[in-house]
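Participant: Have a look at the structure that comes next, please.
The values are calculated or read from the model by the stated rules, or taken from the named source; none is laboratory data. No experiment lies behind these values; they were computed from the predicted model shown. Neighbour counts run over all protein chains shown; Cβ positions are idealised from the backbone, glycine included. We work out accessible area using only protein heavy atoms, side chains counted, and drop any ligands, DNA or RNA first. Shrake-Rupley method; radii C 1.70, N 1.55, O 1.52, S 1.80 Å.
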Amino acid sequence: MSSTAPPKAKPTPDSVPAADDQAGAPDLDSPKARQIMDAAGALFFSFGFGSTSMGQIATKAGVSKGTLYNYFADKEALFAAVVRSVCEEHNDQLFALKAGDRDVAAVLHRVAVSFVVFVTGDYPTAGYRVVIAEANRFPHLGEVFYAAGPAAGIKRLADYLDWAAGEGLIAVADATEAARDFLELSKAAVHMRRMLNLRGPVERDEAIALADKTVTKFMAIYAPPA
């Protein structure tokens, strides 16, 4: 295999380098950046990644393309920023777990209710659909989405389960596997049908009933020795 690097492609309108590549990282918490990311998210999750151009995003955000590229080097960087922002915000809410809460079943019940309501909501469902639809053409989008969303949530839950196991409250050998099992079990009854548009979002009453079953099954599997 040749070690010669392929020639760089000429910049296209969606891959113009950002001015901030040289001036330092832009402030993605600024009102202007949030304005751009909100517009981009609405377009990405409505029309898909491939069908959305930076020009369309600039127009919807009410900014010039120059301003857009000052914040984001290209469309993939903008998509990654949108995904990370949404996932971080919701992971903070869904997985606000603290070592020291000894009522494991109650903690897991809260997580299960919030999680299934969130993942079957309109915005997250649209995000899943976009990433899956674009996975062959843009495989890195899947990596960004998984790292910022599912993997980060699993890590937070695993940290709590690891603490609970250390306290003898549950019998878990692999906290990461147990966290993954729990989250998959939480959405198993509804998520595929939601993704296929065979049903709508899960409302709170249904989420509570699903969480009751999920926690009962999980605690039976991982109950500590009597």
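Participant: Given a cut-off of under 8 Å on Cα pairs at least six residues apart, what relative contact order in percent is computed for the range 37-162? Can you show the working numbers first?
Facilitator: Details: 86 pairs, mean separation 42.2, N = 126.
This gives 34 percent for the range 37-162.
Participant: Solvent-accessible area per residue for the range 67-226 at a 1.4 Å probe radius, Å²? Display every interim value, and only then the final one.
Facilitator: Working: 8040 Å² over 160 residues.
Roughly 50 Å² per residue, with all protein chains present.
Participant: I've got another one for you. Between K155 and A226, what is the FRET efficiency for a Förster distance of 45 Å, r being their Cβ-Cβ separation, to the nearest 0.05? Mind showing how you got there, number by number?
Facilitator: Numbers: r = 31 Å, r/R0 = 0.68.
Given R0 = 45 Å and the Cβ-Cβ separation, E is 0.90.
Participant: Packing-wise, with mean Cβ within 10 Å as the measure, how do 172-181, 188-197 rank, highest first? Each step should come with its number before you reach the end.
Facilitator: On the way: 172-181: 17.2, 188-197: 14.3.
With the highest mean Cβ count within 10 Å placed first, the list reads 172-181, 188-197.
Participant: While we're here: Of the options I221, A151, V86, report the single residue whose Cα projects farthest towards the positive end of the charge dipole of the chain (beta-carbon charges: Lys, Arg +1; Asp, Glu -1).
Facilitator: Toward the positive end, the furthest listed residue is V86.
Participant: So what's the convex hull volume per residue for the Cα atoms of the chain, in Å³? Display every interim value, and only then the final one.
Facilitator: Details: hull volume 39.4 nm³, N = 226.
About 174 Å³ per residue, rounded to a whole number.
Participant: Students often get this wrong: which residues of the range 186-202 have the backbone nitrogen under 13 Å from the point 7 angstrom along Cα-to-C-beta of R129?
Facilitator: 193-201
Participant: Could you work out [θ]222 nm for the chain from helices alone, using -39500 (n - 2.57) per DSSP H run of at least four and dividing by all its residues? Round to the nearest 500 deg cm²/dmol. It would help to have the intermediate numbers written out before the result.
Facilitator: Details: 12 runs with 144 residues, N = 226.
One gets -20000 deg cm²/dmol as the mean residue ellipticity at 222 nm.
Participant: Name all residues of the range 171-192 having a backbone nitrogen under 11 Å from the label point set 7 Å from the Cα of T216 along its Cα→Cβ direction, giving them as ranges.
Facilitator: Hits in the range 171-192 for T216 at 11 Å: none.
Participant: Computed FRET efficiency, Cβ-Cβ of K65 and R137, R0 30 Å: what is it to the nearest 0.05? Walk me through the numbers before you get to the answer.
Facilitator: On the way: r = 23 Å, r/R0 = 0.77.
Result of the calculation: an efficiency of 0.85.
Participant: Leaving ligands, DNA and RNA out of it, report the carbon-plus-sulfur percent of the accessible area of the range 75-217 at a 1.4 Å probe.
Facilitator: Working: 3840 of 7140 Å².
Here it works out to 54 percent.
Participant: Explain nothing, just the number: dipole magnitude of the chain about its Cα centre with +1 on each Lys and Arg Cβ and -1 on each Asp and Glu Cβ, in debye rounded to the nearest 20. Mind dumping the intermediate values first?
Facilitator: On the way: 23 positive and 27 negative charges, 133 e Å.
For the chain, the charge dipole is close to 640 debye.
Participant: Okay, next question. Tell me the label-point distance for the pair S53, E184, using the 7 Å Cα-to-Cβ offset, in nm and rounded to one decimal.
Facilitator: Once both label points are built, they end up 4.2 nm from each other.
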